[in-house]
1. Checking the structure you have, find out if any residue of the stretch 67-86 is open to solvent by less than 70 Å² (accessible area, probe 1.4 Å), among the aromatic types (Phe, Trp, Tyr) and farther than 25 Å from Gln1 by Cα.
2. Quick check on my filter: what residues within the stretch 3-20 are open to solvent by less than 30 Å² (accessible area, probe 1.4 Å) and under 18 Å from Thr103 (Cα atoms)?
3. If I ask for residues that are among the hydrophobic types (A, V, I, L, M, F, W, C) and either at pLDDT below 95 or open to solvent by 20 Å² or more (accessible area, probe 1.4 Å) (or both), which ones from the stretch 35-63 would you list?
4. Which residues, counting only those in the stretch 98-115, are within 17 Å of Lys86 (Cα to Cα), within 16 Å of the chain's Cα centre (by Cα) and open to solvent by 80 Å² or more (accessible area, probe 1.4 Å)?
5. Just checking, which of Ala91, Ala23 is surrounded by 18 or more Cβ atoms within 10 Å (Cβ to Cβ) and in contact with a strand residue (DSSP E or B) (Cβ under 8 Å, 6 or more places away or on another chain)?
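The values are calculated or read from the model by the stated rules, or taken from the named source; none is laboratory data. Predicted, not measured: the structure shown is a model, and the values here were computed from it. Cβ atoms come from the backbone with ideal geometry, glycine included; neighbour counts cover every protein chain shown. When the accessible area is computed, the model is the full protein with side chains, heavy atoms only, and any ligands, DNA or RNA have been set aside. Shrake-Rupley method; radii C 1.70, N 1.55, O 1.52, S 1.80 Å.
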Amino acid sequence: QVQLVESGGGLVQPGGSLRLSCAASGSIFSISAMGWYRQAPGKQRELVASITNGGSANYADSVKGRFMISRENAKNTVYLQMNSLKPEDTAVYYCQYTALLKTYWGQGTQVTVSS
């Protein structure tokens, strides 16, 4: 059974940085896209960033220039470097993998940006 495990969330002051990681355990093959989503209280889950197996990245307008997604294919791991964090970035962050037409989700990690 495939599980995605996120880490790296926490409390940070505005302007600070965090790095999220998501690692897959279990047998998972042919991962195509990896991505990060977030959901703030009372809001719908939204795409933050995604990256193809070729390394092509896509970002939400609200995080462009501040966040960077990367992946280590050999480790089935995806990262999200978040810089210049703002209070509006506060949310639960989820990683998502797509492999052989199946979608896998992590359990989520809380990111809180507050002074």
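1. The answer is yes; a qualifying residue exists.
2. Selection gives Leu4, Glu6.
3. We begin by selecting, within the stretch 35-63, every residue among the hydrophobic types (A, V, I, L, M, F, W, C); these are 36, 40, 47-49, 51, 57, 60, 63.
Residues satisfying the conditions are Ala40, Leu47, Ala57, Ala60.
4. Gln110
5. Working: Ala23 fails: surrounded by 18 or more Cβ atoms within 10 Å (Cβ to Cβ).
Selected residue: Ala91, the only one of Ala91, Ala23 that is surrounded by 18 or more Cβ atoms within 10 Å (Cβ to Cβ) and in contact with a strand residue (DSSP E or B) (Cβ under 8 Å, 6 or more places away or on another chain).
Here's the yes/no breakdown for (1) assigned to a strand (DSSP E or B); (2) touching a Cys at 6+ places or on another chain (Cβ under 7 Å):
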residue	(1), (2)
Ser21	yes, no
Trp36	yes, yes
Gly54	no, no
Arg71	yes, no
Leu80	yes, no
Tyr104	yes, no
Gln110	yes, no
Ser115	no, no
